[in-house]
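Everything below concerns the one structure shown next.
The values are calculated or read from the model by the stated rules, or taken from the named source; none is laboratory data. Since we're looking at a predicted model, the values are computed, not measured. Positions of Cβ are generated from backbone atoms using ideal geometry, with glycine treated the same way; all protein chains shown enter the neighbour counts. Surface accessibility is based on the protein's heavy atoms, side chains included, excluding ligands, DNA and RNA. Shrake-Rupley method; radii C 1.70, N 1.55, O 1.52, S 1.80 Å.
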Amino acid sequence: MAGKKIHLDVITPRGVALNIDCDLVVVTSTNGEMGFMANHAPTLAALVPQVVRYTVDGEQKVIFASGGFVEVNHNTVSILAPAAETASEIDFKRAEAAKARALERLKKSEEIDVMRAEAALARANARLKMSEYHHPIGL
């Protein structure tokens, strides 16, 4: 691997969603945004549902990760997430509907599991943020 690259693996229970050498990887942990380049110090952090940004030869790319953990070690960023999707895999209308359902549930907070509804809302919002990077027909 070239000295200026860092390897990115995004792994879900379904398998490897992404395996690529990058110039930069940016994630959002529970403590805020973190960026990783080649030779970064070992790191371990919990992630929130988000758009993971990564740069390959000057071009920014993105993938949705539904939370999980990030580990950086030996010039490799490993993201372990319950789910990961590229923009072309996301059904934006379905994400809008999930957001609306979560907001409705939160209005009735005494009758539902608030943490579960907030988590669903966070995932829907992160999926919808992918539309800033991808503009499918009909959105």
Once R0 is set to 30 Å, what does the formula 1/(1 + (r/R0)^6) return for the Cβ-Cβ distance between MET115 and ASN73, expressed as a FRET efficiency to the nearest 0.05? 0.45
Could you tell me whether the chain comes out rounded, prolate or oblate from its Cα gyration tensor? Rule is a ≥ b ≥ c as square roots of the eigenvalues, rounded for a/c under 1.5, then prolate if a/b exceeds b/c, otherwise oblate. prolate
Order of 38-45, 73-80 by packing, highest average Cβ count within 10 Å first? 73-80, 38-45
Run the accessible area of the chain with a 1.4 Å probe and give the carbon-and-sulfur part as a rounded percent. 52
Rounded tilt (10° steps) of 114-129 against the dominant C-alpha axis of the chain: 60
Which whole-number value in Å² is the accessible area per residue of the chain, probe 1.4 Å? 59
Residue-span extension gain [THR86 to ASP9] - 0.36 nm each, minus C-alpha spacing: 26.3 nm
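Of LYS61/LYS129; LYS5/LYS61; LYS93/LYS129; LYS5/LYS129, which ones are farther than 24 Å apart at the Cα?
Too far apart for the 24 Å limit: LYS5/LYS129.
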Which whole-number percentage describes the relative contact order of the chain, with Cα contacts under 8 Å and a sequence gap of 6 or more? 21
The answer for THR76, listing residues at least 5 apart or on another chain whose modeled amide H is closer than 5 Å to its amide H, is HIS7
Magnitude of the charge dipole, the chain, Cβ model with Lys/Arg +1 and Asp/Glu -1, debye to 20: 300
Set of aspartates and glutamates with alpha-carbon distance to LYS107 below 12 Å, sequence-local pairs under 8 removed: GLU118
Largest first, how would LYS93, LYS4, LYS108, LYS61 line up by accessible area (1.4 Å probe)? LYS4, LYS93, LYS108, LYS61
